[in-house]
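Here is the structure we will look at, set down as structure tokens.
The values are calculated or read from the model by the stated rules, or taken from the named source; none is laboratory data. Bear in mind that the values here come from a model prediction, so they are computed numbers and not experimental data. When we count neighbours, we look across all protein chains shown, and the Cβ atoms used for this are built from the backbone with ideal geometry, even at glycine.
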Amino acid sequence: MATSRIRELSHTARDWLRKLRKTGRAFFKIDQTAAAIARLPIVNLLVAVRSVPRGYRLKIFRRSITSLFAPPSAEPVEVCEINSLADFDSAYARLATMLGKTGKTPSAGELTFLESIGKRRIYYPGTIGPSDYLFLTAFISILEPQRVVEIGTLTGFSAGVIAAALRRRHGPGWVDTIDINAKCAVDRTRRTGFEIAELFPDLLSMIRLHIPCDSSFASQIARRDEVRIVFIDADHRHPRPLLDLLRLTPYVQSGGWILLHDIQWGTIGHRAVEAGQTLHWGASYGAEWLFERWPFRKISGGNIGAVQVPEHKSKLIPFALRMMSIRLETTEKQARAVRRAVYESLAALC
């Protein structure tokens, strides 16, 4: 009995001390202060230096310490939205000029194809809308890459749109599309990429589906500086779009382009929530913050945009560290792992 009573008292004392510590931490805002300190640029730099292999630590420190506190002024956003098929030809011409391809015109059958898919597709949450796939088609058609790497397959609709634009330009070409889910996130009864066979059966040989994989898989399918265009449309919670971008950048040519979907989704989503709507994916700002803060050249197509990879990719290191000073949108359980992955990805930019 005495032993049981002592144990009961010790448990009571322990619980009381826990409540006291919790109350004290809340009163003095210890957790908030610690989180704020952890987001300081210099703290991020030191953690990043510790996270990369030793041979890269001094390089990352030297290339970050100055520009981290004196960031370059961002270039103005260029805008070329394509909101309807009626605007496609004129907007295509403007975008071609922006991309240094003045005088280029759409491929034969471009408008007919775009009109046909607009009529026959079913819209699934998270897939690209009409203005998005018009911009995506024009961008691919103008720059004529041999291949495109996509992160975030979902139903496979965007992969099919990209493959169609490639085939109309030069026949051979392919899309490597990567998704972490084997079953489609919007319909768990079907495999990721199911729309490829349904809407684009004649393009199946041009689309390579890699599931379940994440953006780190790019190292297995691409060589350094090989790819001219990539498309990121996966998890939009900050800093996951940043992580996807950093993992892909080593394989993108300097001066190449990274297209980002949902660059207005945080703002659009929060307005929808305030209006009482229920969102399938929630409202995340990751892609929006990434596009807004990009310090190099960028083109907005509305809710889709393109950012240009700088000539010296190491310039992205201080940018990434500044981005990591923003509050993370991932869960606490995921935050440590994704933060470490971001820092580890910096070594490949040196």
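Annotations for the structure displayed:
- The set of residues from region 177-208 being under 22 Å from Leu166 (Cα atoms), surrounded by fewer than 19 Cβ atoms within 10 Å (Cβ to Cβ) and of a type in the set (A, V, I, L, M) comprises Ala197, Leu204.
- Count - residues of region 63-114 that are under 19 Å from Gln308 (Cβ atoms), loosely packed, with under 13 Cβ neighbours inside 10 Å, at pLDDT below 95 and among the hydroxyl-bearing types (Ser, Thr, Tyr): 1
- Search result, residues across region 167-195 that are among the aliphatic types (A, V, I, L, M) and at pLDDT below 95: Ala185, Val186
- Qualifying residue in region 306-325 (condition: within 30 Å of Ser84 (Cβ to Cβ), in contact with a helix residue (DSSP H, G or I) (Cβ under 7 Å, 6 or more places away or on another chain), of a type outside the set (Ser, Thr, Tyr) and at pLDDT 95 or above): yes
- Restricting region 116-131 to residues that are surrounded by 12 or more Cβ atoms within 10 Å (Cβ to Cβ) and in contact with a helix residue (DSSP H, G or I) (Cβ under 8 Å, 6 or more places away or on another chain), the residue that is nearest to Asp235 (Cα to Cα): Thr127
- For region 158-203, residues that are over 16 Å from Phe139 (Cβ atoms), touching a residue at least 40 places away in the same chain (Cβ under 8 Å) and either touching a strand residue (DSSP E or B) at 6+ places or on another chain (Cβ under 7 Å) or part of a loop (DSSP other than H, G, I, E, B) (or both) total 10.
- Filtering region 285-301 for residues that are among the polar types (S, T, N, Q) and either assigned to a helix (DSSP H, G or I) or over 26 Å from Ser84 (Cβ atoms) (or both) leaves an empty set.
- Taking the criterion of being assigned to a loop (DSSP other than H, G, I, E, B), touching a helix residue (DSSP H, G or I) at 6+ places or on another chain (Cβ under 6 Å) and surrounded by 15 or more Cβ atoms within 10 Å (Cβ to Cβ), the only residue of region 265-283 that qualifies is Ala283.
- Scanning region 295-349 for residues that are in contact with a strand residue (DSSP E or B) (Cβ under 6 Å, 6 or more places away or on another chain) and either crowded, with 16+ Cβ neighbours inside 10 Å or within 29 Å of Ile128 (Cβ to Cβ) (or both) yields Phe296, Arg297, Lys298, Ile299, Ser300, Ile304, Gly305, Ala306, Val307, Gln308, Val309.
- Identity of the residue in region 91-120, charged (D, E, K, R) and not in a helix (DSSP H, G or I), that ends up farthest from Glu195 (Cα to Cα): Lys101
- Scanning region 138-157 for residues that are assigned to a helix (DSSP H, G or I) and either closer than 15 Å to Ile232 by Cα or at pLDDT below 95 (or both) turns up Phe139, Ile140, Phe157.
- Residues of region 67-102 that are more than 21 Å from Ile258 (Cβ to Cβ), polar (S, T, N, Q) and free of Cβ contacts under 8 Å to residues at least 40 places away in the same chain: Ser90, Thr102.
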